[in-house]
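What follows is a set of notes on a single structure, which appears directly below.
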Amino acid sequence: MAQEIERKFLVMGEWRHLAHSSSRLAQGYIVSGKRTVRARISDDRRAWLTIKGPSCDGGLSRFEWEVEIDVEKARELLTIAEGAIIDKRRYLIDHKGYTFEVDEFYGDNLGLVVAEVELSAVDEEFPRPEWLGREVTGERRFYNSHLREHPYSKWSAEERE
């Protein structure tokens, strides 16, 4: 059983030039709630089926199981996804021994940019790059599974802050 431990932050300032790679992702949720089942396609070349358990530790950790699947099978699964398909570009940025995944959203979530860093323990310290903004770990509105039903474009000015 794999345990995912990650922290999530808003992104600000200049950061794209720091990325060593990026990929376009389309993902849909087949089942969502306390547990989610997600299909994801990366650059129309690779795909995964992921099951995530409920969040623990204030949103810091949860069970995650993932397996690579055929891209065509993933496309089939996306046709039965609940809500909108999440469309984003994921950039990978290395910073002092850590890899940050920065997601820049498109479509109804255009304008939202978040970074995640995976950790080996919930209390692990890590160096924060200057472009890392406010921490939003555990804030449900920033979960991809929530954004498909409540897109960033529909948030009030207060919700965006």
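Quick notes on this one:
- Number of positions in region 72-89 that are surrounded by fewer than 17 Cβ atoms within 10 Å (Cβ to Cβ) and touching a Ser or Thr at 6+ places or on another chain (Cβ under 9 Å): 2
- Among the residues making up region 36-50, those that are within 15 Å of the chain's Cα centre (by Cα) and not small (Gly, Ala, Ser) are Thr36, Val37, Arg38, Arg40, Ile41, Trp48, Leu49, Thr50.
- Complete set of residues in region 90-128 that are in contact with a His (Cβ under 9 Å, 6 or more places away or on another chain) and buried (at least 20 other Cβ atoms within 10 Å of the Cβ): Tyr91, Ile93, Val117
- Cross-chain or 6+ apart pairs with Cβ under 6 Å, region 39-54 first and free of Cβ contacts under 8 Å to residues at least 60 places away in the same chain and on the phi > 0 side of the Ramachandran plot, then surrounded by fewer than 16 Cβ atoms within 10 Å (Cβ to Cβ) and of a type in the set (Ser, Thr, Tyr): Asp43/Ser23
- Region 13-53, residues that are more than 24 Å from Leu77 (Cα to Cα) and surrounded by 13 or more Cβ atoms within 10 Å (Cβ to Cβ): Trp15, Arg16, Leu18, Ala19
- Count of residues meeting criterion [more than 15 Å from the chain's Cα centre (by Cα) and either in a loop (DSSP other than H, G, I, E, B) or within 22 Å of Phe9 (Cβ to Cβ) (or both)] in region 55-78: 4
- Some residue of region 28-40 being polar (S, T, N, Q), part of a loop (DSSP other than H, G, I, E, B) and over 30 Å from Glu130 (Cα atoms): yes
- Any pair with Cβ under 7 angstrom, 6 or more apart, that starts in region 1-18 at a residue that is of a type in the set (Phe, Trp, Tyr) and ends at one that is surrounded by 15 or more Cβ atoms within 10 Å (Cβ to Cβ) and in a loop (DSSP other than H, G, I, E, B): Phe9/Val136; Trp15/Trp131
- Residue that is more than 14 Å from the chain's Cα centre (by Cα), assigned to a strand (DSSP E or B), closer than 27 Å to Leu132 by Cα and modelled with pLDDT of 95 or more, where the choices are Asp94, Asp87: Asp94
- Meets criteria (within 20 Å of Thr137 (Cα to Cα), at pLDDT below 95 and of a type in the set (A, V, I, L, M)) for Ala2: yes
Conditions (1) in contact (Cβ under 8 Å) with a residue 60 or more places away in the chain; (2) aromatic (Phe, Trp, Tyr); (3) closer than 20 Å to Arg7 by Cα, marked per residue:
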position	(1), (2), (3)
Asp87	yes, no, no
Ile93	yes, no, yes
Tyr98	no, yes, yes
Glu116	yes, no, yes
Trp131	yes, yes, yes
Thr137	yes, no, yes
Ser145	yes, no, yes
Glu158	no, no, no
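The values are calculated or read from the model by the stated rules, or taken from the named source; none is laboratory data. Because the structure is predicted, anything quoted here is derived from the model rather than measured. Neighbour counts run over all protein chains shown; Cβ positions are idealised from the backbone, glycine included.
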